[in-house]
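Inspection log for the structure reproduced underneath, given as structure tokens.
The values are calculated or read from the model by the stated rules, or taken from the named source; none is laboratory data. Since this is a predicted model, take the numbers as computed values, not measurements. Please note: Cβ atoms are built from the backbone with ideal geometry, for glycine as well, and neighbour counts cover all protein chains shown. In case anyone asks, the SASA skips ligands and DNA or RNA and just uses the protein heavy atoms, side chains included. Shrake-Rupley method; radii C 1.70, N 1.55, O 1.52, S 1.80 Å.
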Amino acid sequence: MPKKKVGAGNLRCKRCGTFRAIIRTYGLQICRRCFREVSEELNFRKYN
Ligand SMILES: [Zn+2]
């Protein structure tokens, strides 16, 4: 898997590989959907 192509607008989820709704908060670079799962794993607050 080539991971050199990393630029604004070409972000890819590191978990599921989607290009949609990518979040780079906390340096995770994952989509909103995966972020929800990860946030649960990391015990982030789900509500708020
Ligand atoms: Zn994802």
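A few notes on this one:
- Residues being surrounded by 18 or more Cβ atoms within 10 Å (Cβ to Cβ) and among the aromatic types (F, W, Y) - total across region 11-36: 1
- With respect to (1) open to solvent by 70 Å² or more (accessible area, probe 1.4 Å); (2) modelled with pLDDT of 75 or more; (3) of a type outside the set (G, A, S), the lone exception for K46 is condition (2).
- Condition met for K14 (of a type in the set (K, R) and either out of contact with any helix residue (DSSP H, G or I) (no Cβ under 9 Å at 6 or more places or on another chain) or modelled with pLDDT under 90 (or both)): no
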